[in-house]
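The values are calculated or read from the model by the stated rules, or taken from the named source; none is laboratory data. The structure presented is a predicted model; accordingly, all values stated were derived computationally and were not measured. All Cβ positions, glycine included, derive from the backbone under ideal geometry; neighbour counts span all protein chains shown. For the accessible areas, the whole protein counts, side chains as well, though only heavy atoms, and no ligand, DNA or RNA atoms are used. Shrake-Rupley method; radii C 1.70, N 1.55, O 1.52, S 1.80 Å.
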Amino acid sequence: MSRRLIKICGMTRDADIRYANEFEPDYVGFVLFFPKSRRNLEIQEATRLRKLLNKEIKSVAVVVSPTVTQIKMIENAGFDLIQIHGELTKEVYEEINLPVLRAFNVTDMDSFERWQRLDKIVGYVFDAKEPGSGKTFDWSLVPKLERDGRLLFLAGGIDDKNVIQAIREVNPDGIDVSSAVENQGEKTGGKKPDKMKKIIRMVHDEK
C-alpha cells in the first residue's frame, strides 16, 4: 500500500461530490435502502451523484441486511463496491458480483473467522455498535484479530482530533469517516469542505 486510504461515507449532495473530486479521498460511500439514516438516498439519486464522481475515486454502496433485489439494483447502478452491515445470508452472498466490504461492530467480532473464508470479501470495516453514530469503540479489540491481507478500515467516531492516535494504535489500511466531516445542524448532514480536506490530508500523510 503506497499510502493509507480514506473513505468518506454518507454523501448526499452535489456539493459533497465536488468536494470529494477536489480533495480526492480513495472511496466515498452512499447509504441505500436504510430509511432510519438521515444520510439515506434513493437508488436513483445515489446513481446520479455517483456519475458525478471522478473515476479514480471508488464508489461504495452502503447497505444493511440487503436483499437479492437490492444487490442487483446496486450492481446495475454501477457502484464499485458494496459495504454490508447487518445480516448477509448465503442466498444474497451467492448473488453478489461486486467486491464486498464486510462491516463489523463490537457486538459481532466473533463472526470474523466466518467471513475470512469467503472470497468475495475484499475488506472489513470495524465500527461502533451504532454505525454512523459518531461514537468510538475499544480500538484494542482490532489488533488482536488475525490480519489476512484484506483491507481493514477503522470507523466510528474518528475525527481530526483522534485520527492519528487511531492510526498508530490499530495500523489500519484505511480510515472511514462520516459525521466528523458533516454540517452538524443540517438534516441531511452535508459535508464541510474544510473538514474533509483536513482529515483526508492527515490520513494520506500519516505513514
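The figures follow:
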item	result
Spatially proximal lysines relative to LYS90 (Cα-Cα < 30 Å; intrachain offsets below 8 disregarded)	LYS7, LYS36, LYS58, LYS72, LYS120, LYS129, LYS144
Anchor LYS55: aspartates and glutamates whose Cα lies under 14 Å away (excluding residues fewer than 8 positions away in-chain)	GLU22, GLU24, ASP26, ASP80
Charge sum, other residues only, whose C-beta stays under 12 Å from THR67's C-beta, Lys/Arg counted +1 and Asp/Glu -1	-2
Net charge dipole size for the chain [Lys, Arg +1 and Asp, Glu -1 on Cβ; Debye, nearest 20]	460
Cα-centred dipole magnitude for the range 1-108, charges only on beta-carbon of K, R (+1) and D, E (-1), debye, nearest 20	280
Ratio of Rg to Rh over the chain (Cα coordinates, Kirkwood Rh, two decimals)	0.93
Antiparallel bridges, percent of DSSP beta bridges restricted to the chain (to nearest 5)	5
For the chain: accessible area per residue (Å², 1.4 Å)	48
Relative contact order (%) - the chain, alpha-carbon pairs under 8 angstrom, separation at least six	22
